[in-house]
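Participant: Just dropping this structure here.
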Amino acid sequence: MATDFSSIPIIDISPLLAKADDPKMAEDPGVLEVATQLDKACTEAGFFYVKGHGVPDTLLKEVREVTRKFFELPYEEKAKIKMSPATGFRGYERIGENITQGVPDMHEAIDCYREVTKGTYGDLGKVIEGSNEWPQNPPTFEVLMEEADLARKIMRGIALALGGSPDEFEGQRAGNPFWVMRLIGYPGVSSVNGTNVLENDIGCGAHTDYGLLTLLNQDDDINALQVRNLSGEWISAPPVPGSFVCNIGDMLKIYSNGLYESTLHRVINNNSKYRVSVTNFDTAVEPLDTHKTRANGNKKFERAVYGEHLISKVLTNFLF
Ligand SMILES: N=C(N)NCCCC[C@H](N)C(=O)O
Ligand SMILES: O=C(O)CCC(=O)C(=O)O
Ligand SMILES: [Fe+2]
């Protein structure tokens, strides 16, 4: 975030989606208008909502419900897909097992990563080799596929915004796209003898995301996500039903030479209700050529390899 934003913009991306696979998209006024709005949002806040994204609300709701039902199961059931180094860090982690800056987070989650078969990324990739076990596979998988396509199209708008060609983040140059999906549950504040306990517990401590772009599907009745602006104030990112919250990750900060920032955010669930969210992190694998973009000039960052960044995080994020 480069500014003291006080709210997060909402962008209707339907004109971009209508032309996202058209070879002449860069000449379309509707697409260019969306790219201008994306550029402003990425520069000022690093966060934006998207509407007009075409993913049915019923599907987004269904995925949240599947997630909620899973977390309602007794621990022994959930532990059947327990995450460990042996599962390639895929699966269920209980409340307090994920840590942010040394402090246990008050959330439980299922972490999924694109399947990595043995040897794909040599020694580096070993940590993350494995395949997923998900609760009620179909809706989660369906939404993942829709979100992957959506993320690719939004990245086309962002590539244009940066002055590159629309497919800057795709194909040979970018490598085989990687994805991460997290199904997350945050317990609410409970009331004992009329007094709230656990108020201001940190559901997820302040962090930036690791990839290019994150899409977040959050419960539509609980306000818990907060985003930090330039002065250090925490700005609320309340649910906007039917939208995704999107934010820039560390890889895009690097590829854009710092033009766009991966903004710090955190989650505090001070509601009495249990909150569910589903995040999708999308990224390219290989370093991209940023020199063709508007971000030209003094190079502020060294070469970035997403795999190295991700794995260093995975290895320090857990209490086991
Ligand atoms: N894959 C992503 N981006 N996950 C975000 C989780 C952030 C919390 C994590 N403990 C951390 O400290 O980064
Ligand atoms: O649950 C949320 O609102 C945000 C989760 C988040 O920041 C993450 O998974 O990286
Ligand atoms: Fe995050």
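Participant: Only one of Arg114, Arg90, Arg94 is buried (at least 21 other Cβ atoms within 10 Å of the Cβ) and basic (Lys, Arg); which?
Facilitator: Working: Arg114 fails: buried (at least 21 other Cβ atoms within 10 Å of the Cβ); Arg94 fails: buried (at least 21 other Cβ atoms within 10 Å of the Cβ).
That would be Arg90, the only listed residue that is buried (at least 21 other Cβ atoms within 10 Å of the Cβ) and basic (Lys, Arg).
Participant: So, one more: Yes or no: the range 41-48 includes at least one residue that is closer than 30 Å to Asp4 by Cβ and in a strand (DSSP E or B).
Facilitator: There is at least one residue in the range 41-48 that is closer than 30 Å to Asp4 by Cβ and in a strand (DSSP E or B).
Participant: Checking the conditions here, which among Asn223, Asn269, Asn257 is at pLDDT 95 or above and either buried (at least 18 other Cβ atoms within 10 Å of the Cβ) or acidic (Asp, Glu) (or both)?
Facilitator: Working: Asn223 fails: either buried (at least 18 other Cβ atoms within 10 Å of the Cβ) or acidic (Asp, Glu) (or both); Asn257 fails: at pLDDT 95 or above.
Result of the check over Asn223, Asn269, Asn257: Asn269.
Participant: Would you mind telling me which numbered condition in (1) over 13 Å from Val314 (Cβ atoms); (2) more than 16 Å from ligand 2 (Cβ to nearest atom) Lys126 fails?
Facilitator: Just one mismatch for Lys126, condition (1).
Participant: With the condition kept exactly as written, say whether any residue in the range 136-143 is within 20 Å of Gly88 (Cα to Cα) and either among the acidic types (Asp, Glu) or surrounded by 18 or more Cβ atoms within 10 Å (Cβ to Cβ) (or both).
Facilitator: Yes, there is a match, as at least one residue in the range 136-143 is within 20 Å of Gly88 (Cα to Cα) and either among the acidic types (Asp, Glu) or surrounded by 18 or more Cβ atoms within 10 Å (Cβ to Cβ) (or both).
Participant: Kindly evaluate Asn200 against the criterion of being modelled with pLDDT under 95 and either farther than 30 Å from Ser131 by Cβ or away from ligand 2 (no atom under 13 Å from the Cβ) (or both).
Facilitator: On the way: modelled with pLDDT under 95: yes; either farther than 30 Å from Ser131 by Cβ or away from ligand 2 (no atom under 13 Å from the Cβ) (or both): yes.
Spelling it out, Asn200 is indeed modelled with pLDDT under 95 and either farther than 30 Å from Ser131 by Cβ or away from ligand 2 (no atom under 13 Å from the Cβ) (or both).
Participant: Among the listed residues Ser231, Ser272, identify the single one that is in contact (Cβ under 8 Å) with a residue 60 or more places away in the chain, within 19 Å of Asp105 (Cα to Cα) and over 13 Å from the mean Cα position of the chain (by Cα). Break it down stepwise before answering.
Facilitator: On the way: Ser231 fails: within 19 Å of Asp105 (Cα to Cα).
Step by step, each of Ser231, Ser272 is checked, and only Ser272 is in contact (Cβ under 8 Å) with a residue 60 or more places away in the chain, within 19 Å of Asp105 (Cα to Cα) and over 13 Å from the mean Cα position of the chain (by Cα).
Participant: Looking at Leu252, Leu230, can you tell me which residue is surrounded by fewer than 21 Cβ atoms within 10 Å (Cβ to Cβ), within 30 Å of Gly164 (Cα to Cα) and out of contact with any strand residue (DSSP E or B) (no Cβ under 6 Å at 6 or more places or on another chain)?
Facilitator: Leu230
Participant: To continue, here is another question. From the list Lys69, Lys51, Lys24, Lys40, exactly one residue is in contact (Cβ under 8 Å) with a residue 24 or more places away in the chain, farther than 30 Å from Thr316 by Cβ, exposed (fewer than 14 other Cβ atoms within 10 Å of the Cβ) and not aromatic (Phe, Trp, Tyr). Which is it?
Facilitator: When all the criteria are applied, what remains is Lys69.
Participant: Would you tally the residues in the range 156-193 being open to solvent by less than 10 Å² (accessible area, probe 1.4 Å), in a helix (DSSP H, G or I) and of a type in the set (A, V, I, L, M)?
Facilitator: 3
Participant: Which of the numbered conditions does Gly211 fail, given that it passes all the others? Conditions: (1) more than 13 Å from ligand 3 (Cβ to nearest atom); (2) under 22 Å from Ala295 (Cβ atoms); (3) not hydroxyl-bearing (Ser, Thr, Tyr).
Facilitator: The single condition Gly211 does not satisfy is (1).
Participant: Among the residues of the range 95-140, what is the count of those that are assigned to a loop (DSSP other than H, G, I, E, B) and away from ligand 1 (no atom under 14 Å from the Cβ)?
Facilitator: 13
Participant: Residues in the range 280-293: is at least one open to solvent by 10 Å² or more (accessible area, probe 1.4 Å) and among the small types (Gly, Ala, Ser)?
Facilitator: Scanning the range 280-293, I find no residue that is open to solvent by 10 Å² or more (accessible area, probe 1.4 Å) and among the small types (Gly, Ala, Ser), so the answer is no.
Participant: Does any residue of the range 157-177 turn out to be within 16 Å of ligand 1 (Cβ to nearest atom), out of contact with any Leu (no Cβ under 6 Å at 6 or more places or on another chain), closer than 30 Å to Glu261 by Cα and modelled with pLDDT under 90?
Facilitator: The answer is yes, given that some residue of the range 157-177 is within 16 Å of ligand 1 (Cβ to nearest atom), out of contact with any Leu (no Cβ under 6 Å at 6 or more places or on another chain), closer than 30 Å to Glu261 by Cα and modelled with pLDDT under 90.
The values are calculated or read from the model by the stated rules, or taken from the named source; none is laboratory data. No experiment lies behind these values; they were computed from the predicted model shown. Here the Cβ is made from the backbone with ideal geometry for all residues, glycine too, and neighbour counts use every protein chain on show. The protein model used for the area step is the full one, side chains on, heavy atoms only, and it has no ligands, DNA or RNA in it. Shrake-Rupley method; radii C 1.70, N 1.55, O 1.52, S 1.80 Å.
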